[in-house]
2 protein chains.
Amino acid sequence: MDIEAFRKAGYKAIDDICDYYYSLQEKSVVSNVKPGYLAELVPSEPPVKGEPFQNIANDYQKLIVPGLTHWQHPSFFAYYPTACTFEGMLGDLYASSASNPGFNWYASPACTELEVIVMDWAAKLLGLGPAFWNSSGVGGGCIQSTASDAALIAIVAARSLYQRTHPDVELDKLVIYTTTQTHSLGLKAGLILGLQVRALEVTSGDKFGLRGETLRKALEADTKAGKHPFILVATVGTTSSGAVDNLAEIKTVAVKYPSLWIHVDAAWAGVAMVCPEYREQCYLQDINDIAHSFCTNFHKWGLVNFDASTLWVRDRKYLTEALDVTPPFLRTAEGDAGRVIDYRNWHLALGRKFRSLKFWFVIRSYGIEGFQKYIRQSISLNESFAEKISQSKHLEHVTPPSFALSVFRLVPKLDSQRVFTLDELNGLNKQYYARISSRKDIALTQTVLNGVSCIRLAVGAAQTTKEHIEKASALLNEEAEEALKVWLETSSSGQSPN
Amino acid sequence: MDIEAFRKAGYKAIDDICDYYYSLQEKSVVSNVKPGYLAELVPSEPPVKGEPFQNIANDYQKLIVPGLTHWQHPSFFAYYPTACTFEGMLGDLYASSASNPGFNWYASPACTELEVIVMDWAAKLLGLGPAFWNSSGVGGGCIQSTASDAALIAIVAARSLYQRTHPDVELDKLVIYTTTQTHSLGLKAGLILGLQVRALEVTSGDKFGLRGETLRKALEADTKAGKHPFILVATVGTTSSGAVDNLAEIKTVAVKYPSLWIHVDAAWAGVAMVCPEYREQCYLQDINDIAHSFCTNFHKWGLVNFDASTLWVRDRKYLTEALDVTPPFLRTAEGDAGRVIDYRNWHLALGRKFRSLKFWFVIRSYGIEGFQKYIRQSISLNESFAEKISQSKHLEHVTPPSFALSVFRLVPKLDSQRVFTLDELNGLNKQYYARISSRKDIALTQTVLNGVSCIRLAVGAAQTTKEHIEKASALLNEEAEEALKVWLETSSSGQSPN
């Protein structure tokens, strides 16, 4: 494809994307395809000769789009939102055209320098203190792919620091602390690194957030047993229920255990800190006081297209001392002189994408006020939904709404005032969720909170309005009635309700 | 930005990219900016109010483009090429617009299914055998971010397998084998995982490729010493010199050590296997016979924009048994039934980009023949350069040219027939490289091969022609003369040549 053919295909792609967003509301949220659909439509061998690009672009519309789950659909409430802004797309497009793996300053000064600047912008946007800014010269921030990568890096840095200060401790004595509500990134890091993970208990009474006392007891018991907990992965806004670990209490414990690294994973909820009114709920002050590292994913609720996970550390040496490998072919005059950041030593790989560009585009386009408006709108829509749940006959919250997330379940209110066991209710809710998940006009995900089967609704798509929330709650109430009816019939006929 | 504003800004972006490629040859290859240039031009605070997008797009041209090193410039010969095709950009653009983190089948069927298909296409393109195809149902392939990620995953999978079959072996007895020429990804994986790395020696006589005998001796000695080498990271096309480890000999050793995982990192050179005539040189047959895992980066020499690293494994269970974590909120009917691949269990993170789209676009646009033409052209250009080196008065190869890479140094041929020590030559070559790296009209990188300072020239940018190669060799000869002149003057005046 020459430059003029690209111009033509590029315009067409832009038009296709406009069409996609104009028609988004009319599409099914969830794809209708069956497993294996694409293998029946695409040859199993690569073509010998090149094909005209227009055929390929047409096939994208014909074969691929019908197999997409539309995360930007206004009735997509599953998992967490995935950011998609036009400004983010354009940032990606320009970055893709430069195709620059700026792994060190020399490899592309602009890539490194823009990242240094926008990470400070992002820190200031969220209220992170000067200790985390690149301009501090000590701490600093860096763009990662995902919160999993960020947590893995934090754990590696924490282990490296711990081993330097405790050289005699064997690897199999080290323990990563999470809670039972921590994202799978905690367990996965444990698998990857071959380290023990201990998931601390949380209760529904504490809204599934970790208490200081639980941490203190665990530290005492494990230390006594000869184990070495070296990092706590605390969460602000868990995946299952938006729970927030009590970082104020954790702080009072952590001061007595200065070797315990505190990583705060605020993958989803962290961006809410752009609004001053949510900073206390996110324990911003405590994060600024004690966190060794902090992560939030702008590609979730932060308007910057995937991948855009941000990781800040209180001391950049934590990363470079754990990760720096400099073979001769990567040495540069600027790096040797220490005049520049070589971001390759701040992450797992060597090559890296020019992701700061989309941050720059999005933050400048929206401004602080634009971010605040978007966050407040998502939370307000979730409040509308929460109100509908409160008014519902059979649906109730399992835990209070958190930011833009509601977790609820079906608890029948029958005239007989019959009381149900947890197993019965779980069986009913699984059937209820099966009904919802078989629908193509809405997407929600299920979870289990301390043994209670429940359903999550997360708000965040740009096109979602109050009407979509009302439609969703009407649909969820109808399906609840239907699920209950079928369940009671099955139940009363003597069959197992499971 | 609404949809129509996006259309306007999108057309403008496409036009900007066309202008960039039309004007590429007139630009400096390497940026002229000094460390810290951007902080002087960009505010240190994020804006409170959003700005018109056109201002931002203009600033990209004004502030960012001058700070880029142009990896697509026809005179960029540093590191390795980074793929950038218009088809790849368009694939990225469509993928960005769908913003779909298809981490499991339900999260977007098309993302998973297209990846399953294009990874088989890519395997067939390279000649990888059926054992590595997804259609085998046993082995399979998956797109990763970088060869570092791929190697890290292979090492984690190998460690996990080794520990399952050798449950009593302690972590600190495990050893990762690399060679002294392996990319820094080997050492970095060791740092990340807290495992020992042993770099096996290679010689210039063996063109820096690992011999079977070296491996055998190391295995015998380490096993005797109670150590457990569990993986060899072998390389097809090292970064420094394009060296290829002798996989035929490694095979004869490996059959006696069935617990030794063989990971083949062909990050750069692997794509050469699209041409049947390079398959033997890449030891394709031996890879098919013994490799547990194989990686090549299509984002280097393979026409697919970053990130596009491909990893194949002989048994997908190696990955899933090492990496599978399935919390309730990630459970799906299709996954539970085992009817689909959940790629989240094949890589480090959870979320993943829809990268298969750009593979599909590029492979269909170029076809097998297009790939072959591109690879052959790069190699042919390097052969032209190699010829120029052979004809040069003072330049000579340090090791034979490998694929599209030449490694050379300045070895003065003086009338006095003076012979120089290695230290003297290294000093001279460092000065020579300093001259080259201070130029903005060409980019090359330096390296050290078993103590010998040398310079690398890697071909691969799409616009590079024989004229650029001739210009490069003329420039390198001139700089060699100048460097030599200055060095001899300094040298003869009694100052240290270093």
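The values are calculated or read from the model by the stated rules, or taken from the named source; none is laboratory data. Treat the numbers as computed from the prediction; the structure is a model and nothing was measured. Cβ: placed from backbone, ideal geometry, glycine included. Neighbour counts: every protein chain shown. Just the protein is used for accessible areas: all its heavy atoms, side chains included, with ligands, DNA and RNA removed. Shrake-Rupley method; radii C 1.70, N 1.55, O 1.52, S 1.80 Å.
Would you mind classifying chain B by shape? Square roots of the alpha carbon gyration tensor eigenvalues, ordered a ≥ b ≥ c; an a/c under 1.5 is rounded, otherwise it is prolate if a/b is larger than b/c and oblate if not.
Details: a/c = 1.83, a/b = 1.12, b/c = 1.63.
In terms of gyration-tensor shape, oblate.
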> Which whole-angstrom value gives the distance between the alpha carbon centres of the stretch A:256-312 and the stretch A:55-74?
Replying inline: 34 Å
> Among A:ILE143, B:LEU219, B:THR182, which residue has its Cα positioned farthest towards the positive end of the charge dipole of the protein assembly as shown, with +1 placed on the Cβ of Lys and Arg, -1 on the Cβ of Asp and Glu, and the dipole taken about the Cα centre?
Replying inline: B:LEU219
> Roughly how many Å is it from the Cα centre of the stretch A:402-481 to that of the stretch B:335-398, as a whole number?
Replying inline: 46 Å
>> Label position 7 Å from Cα toward Cβ: report the copy-to-copy distances for A:GLN61 in nm, one decimal, ordered from shortest.
In response: 3.0
> Which whole-number percent of Cα pairs in the protein assembly as shown have a distance greater than 56 Å?
Replying inline: 11 percent
>> Residue by residue through A:168-177, how many Cβ atoms from other chains fall within 10 Å of the Cβ on average?
In response: 1
> Rounded to a whole number, what is D in µm²/s for the stretch B:291-397 from Stokes-Einstein with the Kirkwood radius over alpha-carbon pairs (4 °C, 1.567 mPa s)?
Replying inline: 74 µm²/s
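Ignoring ligands, DNA and RNA, please state the percent of accessible area on the protein assembly as shown from carbon and sulfur, probe 1.4 Å. Walk me through the intermediate numbers first.
On the way: 17400 of 33730 Å².
Percent of accessible area from carbon and sulfur atoms in the protein assembly as shown: 52.
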>> Could you check the spin-label model distance between B:SER204 and A:LYS217? Points 7 Å from the Cα along Cα→Cβ, value in nm.
In response: 6.8 nm
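Just counting partner chain Cβ atoms within 10 Å, what average do the residues of peptide A:31-43 show around their Cβ?
Details: counts 5, 1, 4, 3, 9, 5, 3, 7, 7, 0, 2, 7, 3.
Rounded to a whole number, the mean comes out at 4.
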> Per the Debye formula with a single identical scatterer at each Cα and no solvent contribution, what log10 I(q)/I(0) holds for the stretch A:100-354 at q = 0.10 Å⁻¹?
Replying inline: -0.46
> How far is A:VAL411 from the same spot in each other copy, in nm, shortest first, if each label point sits 7 Å from Cα toward Cβ?
Replying inline: 8.3
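Heavy-atom accessible area per residue, the protein assembly as shown, 1.4 Å probe: how many Å²? Please report the intermediate quantities before stating the final value.
Working: 33730 Å² over 996 residues.
Accessible area per residue, the protein assembly as shown: 34 Å².
Quick one: of the DSSP bridges fully inside chain B, what percent are antiparallel, nearest 5? Please report the intermediate quantities before stating the final value.
Details: 25 of 43 bridges.
Approximately 60 percent, going by the DSSP bridge assignments.
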>> Once the label point is set 7 Å along the Cα-to-beta-carbon vector, what list of distances in nm do you get between A:VAL138 and its counterparts in the other copies?
In response: 5.7
>> Are there DSSP H segments in chain A that both extend 15 Å or more along their axis (alpha-carbon positions) and score a mean Kyte-Doolittle hydropathy of at least -1.0? List them, or say none.
In response: A:3-23, A:86-98, A:109-126, A:147-165, A:356-391, A:422-437, A:466-492
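Check each of the trypsin sites (Lys or Arg not before Pro) in the stretch B:249-288 and keep only those in coil by DSSP with at most 10 other C-beta atoms within 10 angstrom; list them in order.
Values: sites: B:LYS251, B:LYS256, B:ARG279; in loops: B:LYS256, B:ARG279.
Those that pass, being in a loop and sparsely packed, are B:LYS256.
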> How large is the dipole of the stretch B:1-98 about the Cα centre if only Lys and Arg carry +1 and Asp and Glu carry -1, each at its Cβ, rounded to the nearest 20 debye?
Replying inline: 160 debye
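What is the antiparallel percent of DSSP beta bridges lying wholly in the protein assembly as shown, to the nearest 5?
Numbers: 50 of 86 bridges.
Of those bridges, close to 60 percent are antiparallel.
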> Looking at the stretch A:191-214, which residues lose a minimum of 50 Å² of accessible area between their chain alone and all protein chains in place, measuring with a 1.4 Å probe and not counting ligands or nucleic acids?
Replying inline: A:LEU191, A:ILE192
>> Let's see if you can work this out: charge +1 on each Lys and Arg Cβ, -1 on each Asp and Glu Cβ, no other charges. What is the dipole magnitude of the protein assembly as shown about its Cα centre, in debye to the nearest 20?
In response: 780 debye
> With each pseudo-label sitting 7 Å past Cα toward Cβ, what's the A:GLU467-B:ARG376 distance in nm, one decimal?
Replying inline: 5.9 nm
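In debye, nearest 20: dipole of the stretch A:367-492 around its Cα centre with unit charges on the Cβ of K, R (+) and D, E (-)?
Working: 15 positive and 15 negative charges, 44 e Å.
The dipole of the stretch A:367-492 has a size of about 220 debye.
Using a 10 Å cut-off around each Cβ of peptide A:351-364, what is the average number of partner chain Cβ atoms that fall inside? Walk me through the numbers on the way to the answer.
Values: counts 15, 4, 8, 3, 0, 1, 3, 1, 1, 7, 7, 2, 5, 12.
Neighbouring Cβ atoms belonging to other protein chains average 5 per residue here.
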> Total Å² of accessible surface buried at the B-A contact, 1.4 Å probe, nearest 100?
Replying inline: 12700 Å²
>> Out of all DSSP beta bridges in the stretch A:206-324, what portion is antiparallel? Express it as a percent rounded to 5.
In response: 45 percent
> Simple spin-label model, 7 Å along Cα-to-Cβ: A:ALA248 to A:ALA434 in nm?
Replying inline: 4.5 nm
> Residue by residue through the stretch A:440-455, which ³J(HN,Hα) values in whole Hz follow from phi under the Karplus form 6.51 cos²θ - 1.76 cosθ + 1.60 (θ = phi - 60°), with glycine and proline marked x?
Replying inline: 9, 9, 7, 9, 9, 10, 9, 7, 10, 10, 6, x, 9, 6, 8, 10
>> Can you list the residues in the stretch A:72-103 whose accessible area drops by at least 40 Å² when all protein chains are present, compared with the chain alone? Use a 1.4 Å probe, heavy atoms only.
In response: A:TYR79, A:PHE86, A:GLU87, A:MET89, A:LEU90, A:LEU93, A:TYR94, A:SER96, A:SER97, A:ALA98, A:SER99, A:PRO101
> If you project the alpha carbons of the stretch B:367-492 onto the principal axes, what extent comes out on each, in Å, largest first?
Replying inline: 58, 28, 23
